[in-house]
Amino acid sequence: MKTNNILLKFILAAYLVVFFGYLLGPLVVMSITAFNSPSFPKLTPWECLTFEWFDVLAHDERILNGIENSLIIGIGTVILSVIMGLAGALMLTQIWPKLRATYYTIVIAPILIPGVVLGISTLVFWDRISIMLGMSSGGILHNGIFLTILGQSTFIASYCMLVFIARLQRFDTGLTEAALDLGATQVQAFRKILLPFMKPAIGSAAVLAFLASFENYNTTTFTFGKFPTLTIELAQKVRYGINPSISALAFIIIVLTILGALAHEIYRRRQQLALANGAPVAAVSGGFQLPKIFRGNPAAIILVLLTLGGASTLWFAQSYSPDVCKMDVREQKRLIQEERIKAIREKRQLELQQKQHQGPDVFGGSKSAAPATQSPGKGAFGNVFDPGNLDKSGPGAVKPQEPTKSPGKGAFGDVFAPQNLDKAAPKED
């Protein structure tokens with residue numbers, strides 16, 4: 001949009017920054033964590049620049065096995081999905097017009113079905129087929145790779161079909177009819193006329209199918225059996241604990257994706273340049289000419305810069321060692337930990353001193369101790385707990401009055417008088 005309004009330009013620039021930041025921000029952050037030394041992926045605090053997580057990734061057998069299984073399943077899914085999608089698109093163009101809407105709805109329906117349902121239904125269906133055929137549990141119908149390819153192809157083929165339908169809408173059916181009138185068979189007409197026209201769509205559908213298969217999790221989680229894919233392995237690692245080697249893998253995938261996109265852009269611009277100069281499209285399929293490729297082709301420049309940057313990074317990684325930096329970071333962490341421990345000890349010592357100057361409260365709290373001039377036991381409850389009342393011989397005990405009459409004299413007479421209890425004792429005067 002061209003405009004001279006500065007405010008609109010500013011709003012448009014801010015929107016683009018927020019939009020691409022929202023899309024690419026997590027990828028950039030995760031890529032940076034691959035070069036940070038902590039054992040858990042984090043961007044801050046930054047500790048040391050390191051390349052060790054790429055080495056950890058290279059020796060992770062589970063991740064490597066998952067990548068291998070994903071590649072095998074992806075290739076199988078591409079082959080099956082492209083064939084099914086192309087057949088479905090060709091059938092849609094030749095079917096009775098009144099049935100096209102119904103046929104289109106049926107073929108597109110797997111896209112709308114949740115992947116979990118597709119995975120369970122694939123597992124149950126082929127298990128029933130295996131039982132009906134009397135096959136053993138270790139047969140091909142119970143193989144995880146075979147079931148995963150079938151399960152993923154059920155909905156990825158629909159994506160491929162949409163790509164082919166869009167391409168076939170621009171196809172002139174008169175070319176095929178002319179070839180048939182000239183004596184070509186159906187196979188020859190398809191191979192020499194329709195198939196070359198569908199080549200760009202086949203390439204796009206193959207890339208789409210491979211990426212959809214490589215990242216699929218919902219369907220694969222029910223069908224992988226003993227052959228876990230990369231997404232399954234990553235999900236299990238996240239569940240039981242991860243390290244920055246996952247970030248290293250993400251960085252490698254992002255770089256490969258960017259390189260592939262740049263290579264495709266270079267090829268497309270070469271085609272446009274050749275057509276603009278009047279050369280046939282086949283002329284651009286020759287060798288790669290470096291001087292001419294830079295003319296009006298910024299993608300080629302970016303690709304060369306990324307290649308040089310990658311080579312420089314690999315050279316630097318071979319000679320760089322983060323051991324010294326790690327020792328410094330470890331020493332700093334030790335000092336910080338000692339300071340925290342010292343602060344905690346001082347805090348506890350201060351709390352202990354405060355408790356020593358406070359007495360226990362009746363209700364479980366604490367209150368200030370009573371003044372030293374007040375007698376023990378004096379308080380809101382009188383002298384009930386006075387030590388003199390608990391111990392007659394203790395300090396503060398109330399001395400009994402002098403007896404004015406003989407022991408035993410009381411309300412009951414002389415029953416308990418000593419002379420009545422012990423006849424041998426002398427009588428009291």
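Can we say Thr219 is touching a Phe, Trp or Tyr at 6+ places or on another chain (Cβ under 9 Å) and either buried (at least 19 other Cβ atoms within 10 Å of the Cβ) or of a type in the set (D, E, K, R) (or both)?
Answer is yes for this residue.
Here are some conditions: (1) modelled with pLDDT of 85 or more; (2) more than 30 Å from Glu52 (Cβ to Cβ). Ser366 meets all but one. Which one does it not meet?
(1)
With respect to the numbered conditions (1) surrounded by fewer than 14 Cβ atoms within 10 Å (Cβ to Cβ); (2) assigned to a helix (DSSP H, G or I); (3) not polar (S, T, N, Q), which one is the sole condition not fulfilled by Lys226?
Among (1) surrounded by fewer than 14 Cβ atoms within 10 Å (Cβ to Cβ); (2) assigned to a helix (DSSP H, G or I); (3) not polar (S, T, N, Q), the lone unmet condition for Lys226 is (2).
Has the range 42-65 got any residue that is in contact with a Cys (Cβ under 7 Å, 6 or more places away or on another chain) and either surrounded by fewer than 19 Cβ atoms within 10 Å (Cβ to Cβ) or closer than 30 Å to Thr173 by Cβ (or both)?
There is at least one residue in the range 42-65 that is in contact with a Cys (Cβ under 7 Å, 6 or more places away or on another chain) and either surrounded by fewer than 19 Cβ atoms within 10 Å (Cβ to Cβ) or closer than 30 Å to Thr173 by Cβ (or both).
Output the number of residues of the range 253-262 satisfying the condition of being open to solvent by 50 Å² or more (accessible area, probe 1.4 Å) and touching a residue at least 12 places away in the same chain (Cβ under 8 Å).
Residues flagged as open to solvent by 50 Å² or more (accessible area, probe 1.4 Å) and touching a residue at least 12 places away in the same chain (Cβ under 8 Å) within the range 253-262 amount to 3.
Just to be sure before I move on: is Leu168 touching a Ser or Thr at 6+ places or on another chain (Cβ under 9 Å) and closer than 20 Å to Ala87 by Cβ in the structure I sent?
Taking the combined requirement at face value, the residue satisfies it.
Output the residues belonging to the range 121-142 that are modelled with pLDDT under 90 and buried (at least 16 other Cβ atoms within 10 Å of the Cβ).
Result: Ser130, Leu141, His142.
Can Val18 be described as open to solvent by 60 Å² or more (accessible area, probe 1.4 Å), within 16 Å of Ile253 (Cα to Cα) and either modelled with pLDDT under 90 or not charged (D, E, K, R) (or both)?
Answer is no for this residue.
Which residue, of Glu68, Glu177, is in a helix (DSSP H, G or I) and within 27 Å of the chain's Cα centre (by Cα)?
So the residue among Glu68, Glu177 that is in a helix (DSSP H, G or I) and within 27 Å of the chain's Cα centre (by Cα) is Glu68.
Can you confirm whether the range 186-195 contains a residue that is assigned to a loop (DSSP other than H, G, I, E, B), out of contact with any Gly (no Cβ under 8 Å at 6 or more places or on another chain) and either in the same structural domain as Trp126 (by TED's automatic domain parsing) or closer than 25 Å to Ile253 by Cβ (or both)?
no
Residue-wise test of (1) under 28 Å from Ala209 (Cβ atoms); (2) under 23 Å from the mean Cα position of the chain (by Cα).
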site: Leu16; (1), (2): no, no
site: Pro26; (1), (2): yes, yes
site: Thr33; (1), (2): no, yes
site: Val56; (1), (2): no, yes
site: Gly74; (1), (2): yes, yes
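Regarding Glu265, is this residue in the same structural domain as Gly115 (by TED's automatic domain parsing), more than 23 Å from the chain's Cα centre (by Cα), among the acidic types (Asp, Glu) and assigned to a helix (DSSP H, G or I)?
Taking the combined requirement at face value, the residue does not satisfy it.
Counting only residues that are closer than 25 Å to Pro196 by Cα and not in a helix (DSSP H, G or I), how many does the range 83-108 have?
1
Kindly indicate whether any position in the range 143-158 is farther than 22 Å from Val207 by Cα, open to solvent by less than 40 Å² (accessible area, probe 1.4 Å) and either assigned by TED's automatic domain parsing to the domain that holds Lys226 or not β-branched (Val, Ile, Thr) (or both).
yes
Within the bounds of the range 164-181, is there any residue that is on the phi > 0 side of the Ramachandran plot, modelled with pLDDT under 90 and surrounded by fewer than 18 Cβ atoms within 10 Å (Cβ to Cβ)?
no
The values are calculated or read from the model by the stated rules, or taken from the named source; none is laboratory data. Just so it is clear, the structure is predicted and the values come from calculations on it, not from any experiment. Virtual Cβ from ideal backbone geometry, glycine too; neighbours counted across all protein chains shown. Heavy atoms of the whole protein, side chains included, go into the accessibility calculation; ligands, DNA and RNA do not. Shrake-Rupley method; radii C 1.70, N 1.55, O 1.52, S 1.80 Å.
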